[in-house]
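Asker: Following this message is one structure expressed as structure tokens.
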Amino acid sequence: MVRYTGNIFLVGLMGAGKTTVGRALAKKLNKLFIDSDHEIEARTGVSIPLIFEIEGEESFRQRETEVIRDLSGRRGIVLATGGGAVMRPENREYLKSRGTVIYLRASIHNILQRTSRDKNRPLLQTADPRRRLEELSRQREPYYRDVADIIIDTGRPNVQFLVHSILSQLELLPNQLPDELEQESQVDTFSQASASAPIPSNFSMNQPSTFPAPAPTITLQVELGERSYPIEIGPSLLTDRERIARLITGKHVAVVTNTTVAPLYLQGFSQALKDAGKNVLEIVLPDGEEEKNWASLMQIFDRLLSAKCDRKTTLIALGGGVIGDLTGFAASAYMRGVPFVQIPTTLLAQVDSSVGGKTGINHPLGKNMIGAFYQPQAVIADTMTLHTLPERELSAGLAEVIKYGAVIDAAFFKWIEDNIDALMARDNVALAYAIRRSCELKADVVRQDEREGGLRAILNFGHTFGHAIESGLGYGKWLHGEAVGCGMVMAADLSHRLGHISAIDKERVCALVRAAGLPTEAPNLGTQRWLELMQIDKKNEDGQIKFILMKPLGGHLITTAPQDALLATIQQLASGDMPR
Ligand code: NAD
Ligand code: GLY
């Protein structure tokens, strides 16, 4: 256990959880909790809405600065600041120079849920609070990032988890050691190696940016009741034994990887596991989509049984989506279910396949046809592993990133358009943001529809066409992400034909897929074969092919399509003769 002696300042939008988390954190650290808005009310004897009404916002801001100046000068406090406090340079200076600043970041969706009935927020008393919040977020986000030493994503409320995440990150701050951290009797001196650095203030949601500094570690939470789990994203997490000890429970672990990833990362990761006190069994499979099959699954079971692994053994997937899907399925079935952890090492796996619990193998008659929903205990995404990824694999991962923008978040789509060069150049901060946002969006969908009763199907945007390409050409000819990229262009074309998106938006999808280095024209499998292949899809019902379409860009529609429009899309975009 460690005790942190400095001041802690919480910043973030209204409704991000500063008061709730601040209070719990203060209790844990035995500090005094103060909320700056409450302090202003106590000093003036008047409520915040009334101060706004009588004196106006500027006067409120002046009072806020005085409160921050006075309180930040004390020692040993946790201070929750107002959402707009960071806009004044003098406030930022007080916060930065007098303690550790934690930015509690929440999605607009969550904030709206939390503040919907709160009349004490004068800035949200408008006809369109969502729009107002989006505006405030755009204005303030760069300043939150600028002051923050630590960024924590709050997701849906789970206060104890958030406090735990904050405490672990406080331990990692290099300038707090050893003076600021008073160690109690049982000292845990695990790694301080992966200290996080703040995202540079020139990072922009809307403009192309340069990204000089490494990204900090980000923690998200997939909220699924008792099966909830964290996703930790950041550099050099693979060898961070403190994190490994915290996130991977149990003494016995079996690491499943493949012949490409093993020489790169297995030794370092296994050593970190051993340093964290684990017994490690290593299982190295052949590499390739065509190996995502029954034989590989049996190899895993053979090794587990030969080594007498019991039902407390944790299976760890170290690799891309193929290893993740295989290992997860093995974990779901071995002794009727053993703990499972995902260590994704491709961009595709970090933004998609490691999150959400879909596991399985391919069948010669259809992709991912045999499998189970089985959630991991944790996902640890080490962004440094992306630097050894072949270019084609990076592009394949970007396909899934684009997918989220195309059917869930138009602003994110625009951000990807603006930052595609940085992403292709593997800029650490751009990649970390793309992974974070993708995981946030996916986690939110999975939370609402874990077993794909409806909404989750939107995550298959581009996949109906994409799976047909993969099966039609033979697994492994095109990468999964390449097939999805091309599939999204076809789905955009169909969306346009059916009047759901404009020609301009259809072109934007095609241009972005191309800029990500992905194919935009599909192989000519023959119209009849295309239709047959698309008929074997888990989304289909009563023989009807279901498509995920854009309506509009950043939105979605799950529907069947008239035969003539579908044939026109296939004939226009799948006339190439192009195994890659
Ligand atoms: P992959 O697992 O085949 O990995 C791609 C290649 O990169 C492989 O050769 C792999 O060995 C290599 N590799 C992995 N990490 C590396 C690294 N850090 N440096 C160098 N090389 C590295 O493919 P993928 O794109 O990661 O995943 C595709 C699979 O994921 C498909 O089978 C697809 O069906 C599945 N998938 C599953 C879900 C899900 O929700 N479960 C979602 C999307 C995709
Ligand atoms: N990749 C689609 C899903 O997880 O649902």
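Rule-based calculations on the coordinates, nothing more; no lab input. Being a predicted model, the structure only gives us computed values, none of them experimental. Note that each Cβ is placed from the backbone with ideal geometry, even for glycine, and that neighbours are counted across all protein chains shown.
Asker: Run the simple label-point estimate for Ala503 and Leu305 please: 7 Å along Cα→C-beta, distance reported in nm.
Answerer: 6.2
Asker: Still on this structure, please answer the following. Rank these for me by crowding, Tyr143, Tyr4, going from fewest to most other beta carbons within 10 Å. Intermediate results must be reported in sequence, preceding the final value.
Answerer: Numbers: Tyr143 20, Tyr4 23.
Listing Tyr143, Tyr4 from fewest to most nearby Cβ atoms yields Tyr143, Tyr4.
Asker: Separate question: Hey, can you grab everything whose amide H is under 5 Å from the amide H of Gly155? Only 5+ residues off in sequence or another chain; H modelled, so Pro and N-termini drop out.
Answerer: Ser107
Asker: Something else now. Leu50 to Lys538: FRET efficiency via 1/(1 + (r/R0)^6), r the Cβ-Cβ distance, R0 45 Å, to the nearest 0.05? Write down the numbers at each step before the final one.
Answerer: On the way: r = 56 Å, r/R0 = 1.25.
The computed FRET efficiency comes out at 0.20.
Asker: Follow-up. Got a sec to turn the phi values of region 242-250 into Karplus ³J(HN,Hα) couplings, 6.51 cos²θ - 1.76 cosθ + 1.60 with θ = phi - 60°, whole Hz, x for Gly and Pro?
Answerer: Once θ is set to phi - 60°, the couplings for region 242-250 become 5, 5, 4, 5, 6, 8, 10, 8, x Hz.
Asker: For Cα pairs less than 8 Å apart in space and 6+ apart in sequence, what is the mean separation divided by the residue count of region 357-512, i.e. the relative contact order in percent?
Answerer: Details: 158 pairs, mean separation 32.6, N = 156.
Relative contact order comes out at 21 percent.
Asker: What does the charge count near Thr559 come to, summing +1 for each Lys or Arg and -1 for each Asp or Glu among other residues with Cβ under 9 Å from its Cβ? If you can, show how the numbers build up before the last one.
Answerer: Numbers: positive: Lys546, Lys551; negative: none.
Cβ neighbours under 9 Å give a net charge of +2.
Asker: Return the distance in nm (one decimal) between the two label points of a simple spin-label model at Asp418 and Gln528, each offset 7 Å from Cα along Cα→Cβ.
Answerer: About 5.1 nm, to one decimal.
Asker: Determine, for Lys538, Lys442, the number of other Cβ atoms within 10 Å of each Cβ, and report the residues in order from fewest to most. Could you put the intermediate results ahead of the total?
Answerer: On the way: Lys538 16, Lys442 25.
With the fewest neighbours first, Lys538, Lys442 line up as Lys538, Lys442.
Asker: Can you tell me how much longer the chain between Asn30 and Gln448 gets when fully stretched, taken as 0.36 nm per residue apart minus their C-alpha distance, in nm with one decimal? Please report the intermediate quantities before stating the final value.
Answerer: Details: separation 418, 0.36 × 418 = 150.48 nm, distance 3.66 nm.
Contour length minus the Cα-Cα distance gives 146.8 nm.
Asker: Another question about this same structure. Find the centroid of the Cα atoms in region 405-478 and in region 1-77, then give the distance between the two in whole Å.
Answerer: That distance is 38 Å.
Asker: Is the shape of the chain rounded, prolate or oblate, going by the alpha carbon gyration tensor and its root eigenvalues a ≥ b ≥ c, with a/c under 1.5 for rounded and a/b larger than b/c for prolate?
Answerer: Numbers: a/c = 2.24, a/b = 1.37, b/c = 1.63.
In terms of gyration-tensor shape, oblate.
Asker: I've got another one for you. With an 8 Å Cα cut-off and a minimum separation of 6 or more residues, compute the relative contact order for region 270-329 in percent.
Answerer: Numbers: 27 pairs, mean separation 18.7, N = 60.
The normalised contact order for region 270-329 reaches 31 percent.
Asker: Skipping prolines and chain starts, which residues have an amide H placed within reach, meaning under 5 Å, of the one on Gln221, given they are 5 or more residues away or on another chain?
Answerer: So Gln221 has HN proximity to Ile231.
Asker: Exceeding 18 Å between C-alpha atoms, which entries from my cross-link table qualify? They are Lys367/Lys538; Lys442/Lys506; Lys292/Lys477; Lys358/Lys506.
Answerer: Values: Lys367/Lys538 9 Å; Lys442/Lys506 23 Å; Lys292/Lys477 14 Å; Lys358/Lys506 29 Å.
From Lys367/Lys538; Lys442/Lys506; Lys292/Lys477; Lys358/Lys506, over 18 Å: Lys442/Lys506; Lys358/Lys506.
Asker: Using r as the Cβ-Cβ distance of Glu58 and Ala511, and R0 as 41 Å, what FRET efficiency do you calculate, to the nearest 0.05?
Answerer: Numbers: r = 44 Å, r/R0 = 1.08.
In this case the efficiency is close to 0.40.
Asker: Something else now. Please identify the trypsin sites (Lys or Arg not before Pro) of region 40-127 that satisfy two criteria: DSSP loop assignment and at most 14 other Cβ atoms within 10 Å. Which are they?
Answerer: On the way: sites: Arg43, Arg61, Arg63, Arg69, Arg74, Arg75, Arg92, Lys96, Arg98, Arg105, Arg114, Arg117, Lys119; in loops: Arg74, Arg75, Arg117, Lys119.
Passing both the DSSP loop test and the Cβ count: Arg74, Arg75, Arg117, Lys119.
Asker: Moving on. Output the 0 to 90 degree angle, nearest 10, between the alpha-carbon long axis of helix 503-515 and the longest principal axis computed from the alpha carbons of the chain.
Answerer: So the helix axis and the longest Cα principal axis differ by about 90 degrees.
Asker: Could I ask something else about it? Starting from the amide H of Phe547, placed 1.01 Å from N in the peptide plane, find each other amide H under 5 Å away whose residue is 5 or more places distant or on another chain.
Answerer: Correct list: Thr559, Thr560.
Asker: Run the numbers on the chain and let me know its relative contact order in percent, using alpha-carbon pairs under 8 Å that are six or more apart. Walk me through the intermediate numbers first.
Answerer: Values: 1101 pairs, mean separation 59.8, N = 580.
This gives 10 percent for the chain.
Asker: I've got another one for you. When DSSP assigns beta bridges and you keep just the ones with both residues in the chain, what percent turn out antiparallel, to the nearest 5? If you can, show how the numbers build up before the last one.
Answerer: Numbers: 18 of 56 bridges.
In the chain, approximately 30 percent of DSSP beta bridges are antiparallel ones.
Asker: Before rounding to the nearest 500, sum -39500 (n - 2.57) across all DSSP H runs of length at least 4 in the chain and divide by the residue total; then give [θ] at 222 nm in deg cm²/dmol.
Answerer: Working: 20 runs with 253 residues, N = 580.
Theoretical 222 nm ellipticity from helices: -13500 deg cm²/dmol.
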